[in-house]
Amino acid sequence: MNLHEYQAKDLFRSFNIPCSTGTTITKTHEIADAIKQLKGNKWIIKAQVHAGGRGKAGGVKLIESVDEAQEFTESLLGKNLVTYQTDKNGQQVNTILIEEVCNISSEFYLSMLVDRGSESIAIISSTEGGMEIEEVSRNTPEKIITTRINPAIGIMPYQVRKIFTTLGLEGKDLYRELQSMLVNMITMFKQNDLSLLEVNPLVLTKENNLLCLDGKVSVDSNALYRQKELEKKHDLTQEDEREIDAESFELNYVALDGNVGCMVNGAGLAMATMDLIKLHGGDPANFLDVGGGATVERVTKALEIILSDKNVKSILINIFGGIVRCDIIADGIIEALKKIQTDVKFVVRLEGNNAELGLKKLEDEDLDILVAKDLTKATKLAIESAAL
């Protein structure tokens, strides 16, 4: 679960992590009163969406008057912002963050994430702040330094010095400031079950203070049951409605841009199925793992969600029955086709637990579906059907 920048900074402040001063609005007429709360005669306005690349997409602007702020806010609120991290529809802007301008001396990159391979918290630091870290990784990977922290021990002084040196900082006061910031960030990371904490840029001001100018926070969705306050901050307007619908039925669904719908049991088999579609020249429209505890209701719902995507021209159902029974999958397919009138072609491959019974049920219903025992053949049939 992602937080908006203003929510991330509220969390930062609660852990004494210094960040830029600002306020938020949700209505255009609030802009004048909001600016009165801030110092200076220049301000930064930022659209709040769960996506990077807001600046390049026109969602961030330095403004110098209330009139300019009013005009820019009107162009954002209630509209969809399209960035390189969103789909073609973009994400809706419901909140605007307005911040004071600070005197920047240097910009850095700093992030923390869970490194499952080493069972540690990985701190990524770089002098290339304000840039996309993916670009830095591609072009100048030597400028990215990774420091792995044992979560049971916390950050050690030599690790603080390593990051301090990496960023090219100097002075005892600044060292103590960085140490305090890192300790507080790690505490925040652990206590809130975060999977990602990113500050880009972290800035050194001309007054020689460190300040989080931006903030990105992701909370481990599997831990939300013990993070009730953070869960309340979940902005569902930033999520795909189909993914929200799928989650309520315990379905793992991710929307993609292709035209071959996929319903598979097991994440590994689902990934392999999508790879096979790409291998043979097709484009998957989604990832959907119906899970091992599939019921007729869940299978029916899964197909309804897939068919709600108007780009879907065929559906490949690839089930390897183990915990889930193939006859239950067949019942779900039958129920879905009774409820939904569609021209989308279904291609079914059933193997494993009760596969023969499932195929017999589909045959007895005399449905307009294609059945294949071989996965490669099923995949090619689905791609061909999507092209018709």
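Observations, loosely collected:
- Once the Cα atoms are used to define both axes, helix 267-279 deviates from the longest principal axis of the chain by about 80 degrees.
- Around Glu384: net Lys/Arg minus Asp/Glu count, Cβ-Cβ under 14 Å: +3
- Contour minus Cα-Cα distance for Asn80 and Lys339 (0.36 nm per residue): 89.9 nm
- Net dipole in debye of the chain [+1 Lys, Arg Cβ; -1 Asp, Glu Cβ; about Cα centre; nearest 20]: 860 debye
- Ranked packing of 92-99, 350-357, 256-263, 313-320, most packed first, by mean Cβ within 10 Å: 313-320, 256-263, 92-99, 350-357
- Its relative contact order, with pairs defined as Cα atoms under 8 Å and 6+ residues apart, puts the stretch 184-267 at 18 percent.
- Cα long-axis angle, helix 5-14 against the chain (0 to 90 degrees, to the nearest 10): 60 degrees
- Dipole magnitude of the stretch 198-282 about its Cα centre (Cβ charges: Lys, Arg +1; Asp, Glu -1), debye to nearest 20: 240 debye
- Interatomic Cα distance distribution for the chain, bins of 10 angstrom, percent: 5, 20, 24, 21, 17, 10, 4, 0
- Cys residues of the chain counted as unpaired, since no other Cys beta-carbon is under 4.7 Å: Cys102, Cys262, Cys326
- Accessible area of the chain divided out per residue, in Å², using a probe of 1.4 angstrom: 49 Å²
- Of all lysines in the structure, the ones whose alpha carbon falls short of 27 Å from that of Lys56, not counting any fewer than 8 places away in one chain, are Lys9, Lys27, Lys39, Lys42, Lys46, Lys79, Lys88, Lys143, Lys206, Lys216, Lys233.
- The stretch 286-361: C-alpha pair distances exceeding 17 Å, %: 38 percent
- Projecting the Cα positions of Ser308, Ala355, Met188 onto the charge dipole of the chain (unit charges on Cβ atoms of Lys, Arg, Asp and Glu, taken about the Cα centre) puts Met188 furthest along the positive direction.
- In this simple spin-label approximation, Asp374 and Ala267 carry label points 7 Å from Cα along the Cα→Cβ vector, and these lie 3.2 nm apart.
- Taking all Cα pairs closer than 8 Å and separated by 6 or more residues, the relative contact order of the chain comes to 13 percent.
- Dipole axis of the stretch 24-149 (+1 Lys, Arg; -1 Asp, Glu on Cβ), positive-most option in Gly40, Ile123, Val66: Ile123
- Counting charges near Val160 (Lys, Arg +1; Asp, Glu -1) among other residues having Cβ under 13 Å from its Cβ returns a value of +3.
- Rounded to the nearest 10 degrees, the inclination of helix 355-364 to the longest alpha-carbon principal axis of the chain is 70 degrees.
The values are calculated or read from the model by the stated rules, or taken from the named source; none is laboratory data. Every value quoted in this text rests on a predicted model; they were computed, and no experiment measured them. Every residue, glycine as well, gets a Cβ built from its backbone with ideal geometry; the counts of neighbours run over all protein chains shown. SASA here: full protein model, heavy atoms, side chains in, ligands and nucleic acids out. Shrake-Rupley method; radii C 1.70, N 1.55, O 1.52, S 1.80 Å.
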